[in-house]
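Trainee: Encoded as structure tokens, here's the structure I'll be asking about.
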């Protein structure tokens, strides 16, 4: 793998892109309510993105059945990631809604994700969301230059599985910079499966860390649209993501 370390100036440009993403995600969280469609969330994300002079990063990304049609990925309940926004996809009381969003601003990328609870959700679902959020916070608190990523990923996996939940294996985080997906791949699990994906954390790395956690089995499947990924057992999934810049003494969260 070829990991591109970022200068302080580069990191500030990535932070600017990340802050646009954060503003959009905060706004979409305010809009999540019964009766709102994911197409409405998509339109608001596009509007806010353009107001900052940025470009939505996901729309047009090539896929097996054509380019991704949305500005956001909007995944509800058992949808893990890459859900396509639609006028017919209506959010209901008790749903959990995961939104992944990215921008390109002045040539640099920003990418983050959040899972929102719509009204009162089942206690087990609320627990899923809280544990997934906390697993990302754990990565932020642990990561330091000189560590192997597998040390962090192993702690994330141990925490999630200790809470009776499972870590998705098929989709992992990534480096980010001038391109949305750069080396290295950033898994949320350790053990034999991590293989060549392991790497040593270095000052100047910028990583998009994005745990995806399922209430039931870790197994997932891709739907006929070629994009939407669902849990195989129909149980819900949650997803959080931050852009993390490695500093001399820890982590700077660029999408805070």
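Trainee: Let me confirm something: among 223, 180, which residue is closer than 25 Å to residue 82 by Cβ, without any contact (Cβ under 8 Å) to a residue 12 or more places away in the chain and surrounded by fewer than 23 Cβ atoms within 10 Å (Cβ to Cβ)? Explain how you work it out, then say what you get.
Mentor: Values: 180 fails: without any contact (Cβ under 8 Å) to a residue 12 or more places away in the chain.
It is 223.
Trainee: When the residues of the stretch 227-243 are narrowed to those that are closer than 23 Å to residue 18 by Cβ and in a strand (DSSP E or B), which ends up nearest to the chain's Cα centre (by Cα)? Outline the logic, then answer.
Mentor: Step one: filter the stretch 227-243 for residues closer than 23 Å to residue 18 by Cβ, giving 238-243.
Next, only the ones that are in a strand (DSSP E or B) stay: 238-239, 241-243.
Values: 238: 10, 239: 6, 241: 4, 242: 7, 243: 9 Å.
Top of the filtered list is 241.
Trainee: Take residue 186 and tell me if it is in contact (Cβ under 8 Å) with a residue 24 or more places away in the chain, more than 20 Å from residue 63 (Cβ to Cβ) and under 15 Å from the mean Cα position of the chain (by Cα).
Mentor: Values: in contact (Cβ under 8 Å) with a residue 24 or more places away in the chain: yes; more than 20 Å from residue 63 (Cβ to Cβ): yes; under 15 Å from the mean Cα position of the chain (by Cα): yes.
Judged against the criteria, residue 186 is a match.
Trainee: Same structure again: Could you figure out which of (1) closer than 19 Å to residue 1 by Cα; (2) under 16 Å from the mean Cα position of the chain (by Cα) isn't true of residue 196?
Mentor: Every condition holds for residue 196 apart from (2).
Trainee: Return the residues of the stretch 189-216 that are out of contact with any helix residue (DSSP H, G or I) (no Cβ under 9 Å at 6 or more places or on another chain) and either at negative phi or crowded, with 24+ Cβ neighbours inside 10 Å (or both); say none if nothing qualifies.
Mentor: If the condition is that a residue be out of contact with any helix residue (DSSP H, G or I) (no Cβ under 9 Å at 6 or more places or on another chain) and either at negative phi or crowded, with 24+ Cβ neighbours inside 10 Å (or both), then 192, 193, 196, 202, 203, 205, 208, 216 are the ones that fit.
Trainee: May I pose another question? Of (1) under 18 Å from the mean Cα position of the chain (by Cα); (2) part of a loop (DSSP other than H, G, I, E, B), residue 224 satisfies all except one. Which?
Mentor: Result: residue 224 fails condition (1) only.
Trainee: Another question about this same structure. Suppose we filter the stretch 98-134 for residues that are under 19 Å from residue 16 (Cα atoms) and surrounded by 16 or more Cβ atoms within 10 Å (Cβ to Cβ); how many remain?
Mentor: Qualifying residue count, the stretch 98-134: 13.
Matching residues to (1) within 18 Å of residue 102 (Cβ to Cβ); (2) in a strand (DSSP E or B); (3) without any contact (Cβ under 8 Å) to a residue 24 or more places away in the chain:
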{"residue": "159", "(1), (2), (3)": "no, no, no"}
{"residue": "202", "(1), (2), (3)": "no, no, no"}
{"residue": "208", "(1), (2), (3)": "yes, yes, no"}
{"residue": "246", "(1), (2), (3)": "no, yes, no"}
{"residue": "255", "(1), (2), (3)": "yes, no, no"}
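Residues checked against (1) more than 26 Å from residue 233 (Cβ to Cβ); (2) under 14 Å from the mean Cα position of the chain (by Cα); (3) surrounded by fewer than 19 Cβ atoms within 10 Å (Cβ to Cβ):
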| site | (1), (2), (3) |
| --- | --- |
| 18 | yes, yes, no |
| 21 | yes, yes, no |
| 42 | yes, no, no |
| 51 | yes, no, yes |
| 61 | yes, no, yes |
| 64 | no, no, yes |
| 71 | yes, no, no |
| 87 | yes, no, yes |
| 96 | no, no, no |
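Trainee: Hey, another quick one. Which one of the conditions (1) part of a strand (DSSP E or B); (2) farther than 19 Å from residue 180 by Cα does residue 102 fail to meet, given that it meets all the rest?
Mentor: Exception for residue 102: condition (2).
Trainee: Moving on. Got a number for residues in the stretch 135-150 being surrounded by fewer than 16 Cβ atoms within 10 Å (Cβ to Cβ) and not in a loop (DSSP other than H, G, I, E, B)?
Mentor: Total meeting the criteria: 3.
Since every read-out is calculated from the coordinates, none of them should be taken as a lab result. Computed from a predicted structure; not experimentally measured. Glycine gets a Cβ as well: all are built from the backbone with ideal geometry, and neighbour counts include every protein chain shown.
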